[in-house]
């Protein structure tokens, strides 16, 4: 069954609703330039309340970081009580290795060859946990670190999927197109943020769209 990560959580109400809708992972964006930025203190309140409410049924909690030092990633991950750290910037494989299995890399390759180069480069430091993706593939953008609403190439996605155990697909996914993308690529998991949000309100989830997205992703 396709795993689903709902990213850009900014409130407890949305976190609980997404968890109750069946999300496997929830993402909290600690990149200050993101419209979905959440402070570590606010994330702690959300995550503590979520764990208290959901218990063993709590989704995996993921921090999203962009070009932060390992010391800050580790501190926030520990303080907030996150399960994994998603590195969405220009981080090295050495940084992933320093995170000792809790980190996974998000890549935005310009073309197929660069995608394969990224897979080779990060292969030694991919997480082994079955709850985490080996790698997240997002659409290329020359300036933005994800959240563009653009789709990754199917050719690139298929080539990457053949080379990693657990590919998570991101980029331009919505309740309307996710089933088609899952059928074409067969990723381990899918990641969505803007595609399930209230129009013109980044970080505010439309729970009806969240439910529709999860149902469509898993109905293939």
Value at 222 nm in deg cm²/dmol, rounded to 500, when DSSP H runs of n ≥ 4 in the chain each add -39,500 (n - 2.57): -11000 deg cm²/dmol
Contour minus Cα-Cα distance for residue 207 and residue 72 (0.36 nm per residue): 45.4 nm
Relative contact order (%) - criterion: Cα under 8 Å, at least six apart; region: the chain: 20 percent
Among 20-30, 127-137, 66-76, the order from most to least packed when residues are scored by Cβ within 10 Å on average: 20-30, 127-137, 66-76
Inter-probe distance in nm under a simple model that places probes 7 Å from Cα toward Cβ, at residue 20 and residue 49: 1.3 nm
Sequence of 58, 47, 7 once ranked by neighbouring C-beta atoms within 10 Å, starting from the fewest: 58, 47, 7
Cα centroid separation, the range 145-215 to the range 2-50 (Å): 16 Å
Two-site FRET efficiency, residue 162 against residue 33, from Cβ-Cβ distance with R₀ of 30 Å, rounded to 0.05: 0.35
Whole-number D in µm² s⁻¹ for the range 66-204, Kirkwood Cα-pair radius fed into Stokes-Einstein, 25 °C, 0.890 mPa s: 159 µm²/s
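Read-outs: derived from the displayed coordinates by stated rules, not from any lab. Quick caveat: nothing in here was measured; it's all calculated off a predicted structure. Heads up, the Cβs are rebuilt from the backbone with ideal geometry, glycines too, and the neighbour counts pull from every protein chain shown.
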